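Below is one structure, written out as structure tokens; the observations come after it.
The values are calculated or read from the model by the stated rules, or taken from the named source; none is laboratory data. Because the structure is a prediction, the values reported are computed rather than measured. Counting neighbours? That spans all protein chains shown, and the Cβs are built from the backbone with ideal geometry, glycine included. SASA here: full protein model, heavy atoms, side chains in, ligands and nucleic acids out. Shrake-Rupley method; radii C 1.70, N 1.55, O 1.52, S 1.80 Å.
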Amino acid sequence: MRLLLFLVFFSFAFSVRAQEFQTQGGKAIFLSKAPLSEFTGESKNLKGLIDVEKNLVDFYLDLNTLKTGISLRDKHMRENYLETEKYPFAEFTGKFESVPKLTASPEAVKVKGKFKIHGVERDVTVSGILKKLANGSLELKAEWIIALGDYNIEIPKLVFYELAPEQQVSIEATLNPKK
């Protein structure tokens, strides 16, 4: 009987523990579509955690890792607009509107939370797709739109640095069970 209770407790503890997932190398992308200029910025250094048991979703990115493919544009983006010396990170923290089932079938999810960038935090709802992989990891793809003005990020006035006032942000990550 003790052995049975131990096995039940152990399997419960393991199943709860298996509800935490993390990534150290997810991908974050922004797309700027202005009339005269379209470009993307990308980082493969997105860090994140999904804790299904606690209904917690938390992702952050060191903005210094964003690359647009043009080093001078990257420098101006960091120094003049994102001001990464003062505000080095972007972060999203939230909760699922309804806790996902974590199946092999792609599942549409919505997470309500706070997105913080450039020292400003705003309520946002992020839509995405979550899927449990055969190895027990989770695959997440999500996107949302941010208005730069909402975060006090100045839009360049020079035509050759044209930047759209709204940016499409997307993330892709494989989150492994936390050990």
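Brief remarks on what is shown
- Only one entry in Ala134, Ala108, Ala142, Ala90 is in a loop (DSSP other than H, G, I, E, B) and within 21 Å of Ile50 (Cα to Cα), namely Ala134.
Each row is one residue, and each column tells you yes or no for (1) of a type in the set (S, T, N, Q); (2) in a loop (DSSP other than H, G, I, E, B); (3) surrounded by fewer than 18 Cβ atoms within 10 Å (Cβ to Cβ); (4) modelled with pLDDT under 95.
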| site | (1), (2), (3), (4) |
| --- | --- |
| Gln24 | yes, no, yes, yes |
| Lys27 | no, no, yes, no |
| Leu31 | no, no, yes, yes |
| Leu46 | no, no, no, no |
| Leu61 | no, no, no, no |
| Arg73 | no, no, yes, yes |
| Tyr81 | no, no, yes, yes |
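- Considering Leu140, Leu130, Leu148, the condition of being out of contact with any Phe, Trp or Tyr (no Cβ under 6 Å at 6 or more places or on another chain), open to solvent by less than 20 Å² (accessible area, probe 1.4 Å) and modelled with pLDDT under 95 is satisfied by Leu148 alone.
- A single member of Ala108, Ala104, Ala90 is of a type in the set (A, V, I, L, M, F, W, C), under 19 Å from Ile29 (Cβ atoms) and in contact with a strand residue (DSSP E or B) (Cβ under 7 Å, 6 or more places away or on another chain), and it is Ala90.
- Some residue of segment 96-103 being modelled with pLDDT of 95 or more and hydrophobic (A, V, I, L, M, F, W, C): yes
- Search result, residues across segment 33-44 that are among the polar types (S, T, N, Q) and either open to solvent by less than 40 Å² (accessible area, probe 1.4 Å) or touching an Asp or Glu at 6+ places or on another chain (Cβ under 6 Å) (or both): Ser37, Ser43
- Any hit, segment 92-109, residues being touching a Pro at 6+ places or on another chain (Cβ under 7 Å), crowded, with 17+ Cβ neighbours inside 10 Å and free of Cβ contacts under 8 Å to residues at least 60 places away in the same chain: yes
- Verdict on Lys131 being closer than 15 Å to Trp144 by Cβ, under 17 Å from the mean Cα position of the chain (by Cα) and not β-branched (Val, Ile, Thr): no
- Residue selected from segment 111-123 under the condition among the aliphatic types (A, V, I, L, M) and touching a strand residue (DSSP E or B) at 6+ places or on another chain (Cβ under 8 Å), by the criterion farthest from Leu138 (Cα to Cα): Ile117
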